[in-house]
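Colleague: Before anything else, here's the structure in question.
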């Protein structure tokens, strides 16, 4: 937890607040957090299947350290070699589906608001 979230978050904070920080460092931390989001999502699915492997947790920790350790530049390598080409190839489809989800969420919110209003109105008139 500390090596994967707390330390990188603090370094990212320093990068944001330090006026002398260059864009390259801020790009590094943005890429890191994108990768951590992907790793966390994938981990929720794969942990059930492969968490029994010996040294699994140690390997995850080593991978996280590899990502942020300055000498390895793991974040840049993984992001540019794997994640960027993959997401770029599916970007139009992802955007389309996210648009559909936004529309569905808006419709659902409207429906739930109507139901809550009707429920509140009926309870109010019951009290009278």
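Values in this text are rule-based calculations from the coordinates and carry no lab data. Remember, it's a predicted structure, so these values are computed and weren't measured experimentally. Neighbour counts are summed over all protein chains in view; Cβ atoms, including those assigned to glycine, are modelled from backbone coordinates with ideal geometry.
Colleague: Would you confirm whether or not region 86-100 contains a residue that is within 18 Å of residue 32 (Cβ to Cβ), in contact with a helix residue (DSSP H, G or I) (Cβ under 8 Å, 6 or more places away or on another chain) and in a helix (DSSP H, G or I)? Reasoning before the result, please.
Modeller: If we filter region 86-100 for residues that are within 18 Å of residue 32 (Cβ to Cβ), which is where we start, we get 86-87.
Filter again for in contact with a helix residue (DSSP H, G or I) (Cβ under 8 Å, 6 or more places away or on another chain), leaving 87.
Now restrict to residues that are in a helix (DSSP H, G or I): 87.
Within region 86-100, one or more residues are within 18 Å of residue 32 (Cβ to Cβ), in contact with a helix residue (DSSP H, G or I) (Cβ under 8 Å, 6 or more places away or on another chain) and in a helix (DSSP H, G or I).
Colleague: Here's a follow-up. Which of the following residues is surrounded by 11 or more Cβ atoms within 10 Å (Cβ to Cβ) and over 16 Å from residue 8 (Cα atoms): 89, 51, 122, 117?
Modeller: Working: 89 fails: surrounded by 11 or more Cβ atoms within 10 Å (Cβ to Cβ); 122 fails: surrounded by 11 or more Cβ atoms within 10 Å (Cβ to Cβ); 117 fails: surrounded by 11 or more Cβ atoms within 10 Å (Cβ to Cβ).
Exactly one residue qualifies, and that residue is 51.
Colleague: Report whether or not residue 27 is surrounded by 10 or more Cβ atoms within 10 Å (Cβ to Cβ), without any contact (Cβ under 8 Å) to a residue 60 or more places away in the chain and not in a helix (DSSP H, G or I).
Modeller: Details: surrounded by 10 or more Cβ atoms within 10 Å (Cβ to Cβ): yes; without any contact (Cβ under 8 Å) to a residue 60 or more places away in the chain: yes; not in a helix (DSSP H, G or I): no.
So residue 27 does not fit the description; no.
Colleague: Sticking with this structure for a sec: Test residue 119 against the stated conditions and say whether it is assigned to a helix (DSSP H, G or I) and farther than 30 Å from residue 2 by Cα.
Modeller: Numbers: assigned to a helix (DSSP H, G or I): yes; farther than 30 Å from residue 2 by Cα: yes.
Spelling it out, residue 119 is indeed assigned to a helix (DSSP H, G or I) and farther than 30 Å from residue 2 by Cα.
Colleague: Look at residue 71 and say whether it is in a helix (DSSP H, G or I) and either loosely packed, with under 11 Cβ neighbours inside 10 Å or in contact with a strand residue (DSSP E or B) (Cβ under 7 Å, 6 or more places away or on another chain) (or both).
Modeller: On the way: in a helix (DSSP H, G or I): no; either loosely packed, with under 11 Cβ neighbours inside 10 Å or in contact with a strand residue (DSSP E or B) (Cβ under 7 Å, 6 or more places away or on another chain) (or both): yes.
Criteria not met by residue 71.
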